[in-house]
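First up is the structure itself, then whatever we jot down about it.
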Amino acid sequence: MPRRKLTAEEIELWRKVAKQAERLHPELPQSVHPTTLPKPKPSKSPQMRLEGFEVGQTARVKSVRHALKPSVTDSLRASPVQMDTKAFGRMKRGKLRPEGKLDLHGMRVDTAHPALIRFVLTAQAQGKRLVLVVTGKGKDRDEPGPIPTPRGVLRNNVPHWLSIPPLAQAVLQVTPAHISHGGDGAYYVYLRRTR
């Protein structure tokens with residue numbers, strides 16, 4: 001698109017402004033119209049030389065292991081066993097039957113958190129030991145951005161909620177459920193006995 005020409009009024013306005021303005025560079029020739037400065041000429045800079053490296057040589061890169069945060073299920077599986085080890089093994093194999101179940105599928109965070117608190121504290125008051133909390137595996141993001149976001153908001157928040165007050169005093173062990181009870185989309189929550 002060609003640049004438009006200045007109108008006579010614009011040129012006259014520019015001349016008035018130029019007469020009243022104080023020049024920053026009086027050594028430059030005075031012009032009626034603003035001019036562009038000439039492009040700087042590239043100067044030959046001395047070539048940088050790194051010791052032990054020649055221009056055109058391929059760099060030797062050591063393989064770097066990224067220290068990314070492990071997934072929630074991996075960190076739960078790696079956490080130490082707080083309950084009876086035989087019962088824990090039976091629970092992980094899906095041999096222990098949950099005494100209660102809470103399904104958080106489709107809930108929003110603001111409704112899921114209070115529902116979880118109510119469910120766990122009620123189950124503990126009723127003397128239940130093993131409950132199942134179903135979160136779902138979560139949806140894949142439509143547009144993955146530059147910052148990696150974990151899949152499943154509830155799936156990632158529920159273990160955290162179970163480890164902070166008011167639920168921390170009620171929960172003894174949290175672990176991903178057996179495939180028969182929902183797999184990675186559900187958690188076994190083993191409760192402490194009420195005293």
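The values are calculated or read from the model by the stated rules, or taken from the named source; none is laboratory data. Owing to the predicted nature of the structure, the values given are computational and were not obtained by experimental measurement. When we count neighbours, we look across all protein chains shown, and the Cβ atoms used for this are built from the backbone with ideal geometry, even at glycine. The accessibility values were calculated without ligands, DNA or RNA, using every heavy atom of the protein model including side chains. Shrake-Rupley method; radii C 1.70, N 1.55, O 1.52, S 1.80 Å.
Does the range 83-195 classify as rounded, prolate or oblate by the C-alpha gyration tensor (a ≥ b ≥ c root eigenvalues; a/c under 1.5 gives rounded; else a/b over b/c gives prolate, otherwise oblate)? In terms of gyration-tensor shape, prolate. Shape class of the range 75-141 from the Cα gyration tensor (axes a ≥ b ≥ c, square roots of the eigenvalues): oblate, since a/c reaches 1.5 or more and a/b does not exceed b/c. In the complete set of protein chains, residue-level accessible area for R93 is approximately 140 Å², probe 1.4 angstrom.
Given +1 at the Cβ of Lys and Arg, -1 at the Cβ of Asp and Glu and no other charges, the dipole of the range 84-195 around its Cα centre is 640 debye to the nearest 20.
The largest accessible area among I11, I179 belongs to the first residue in I179, I11, and the rest follow in falling order (1.4 Å probe, all chains).
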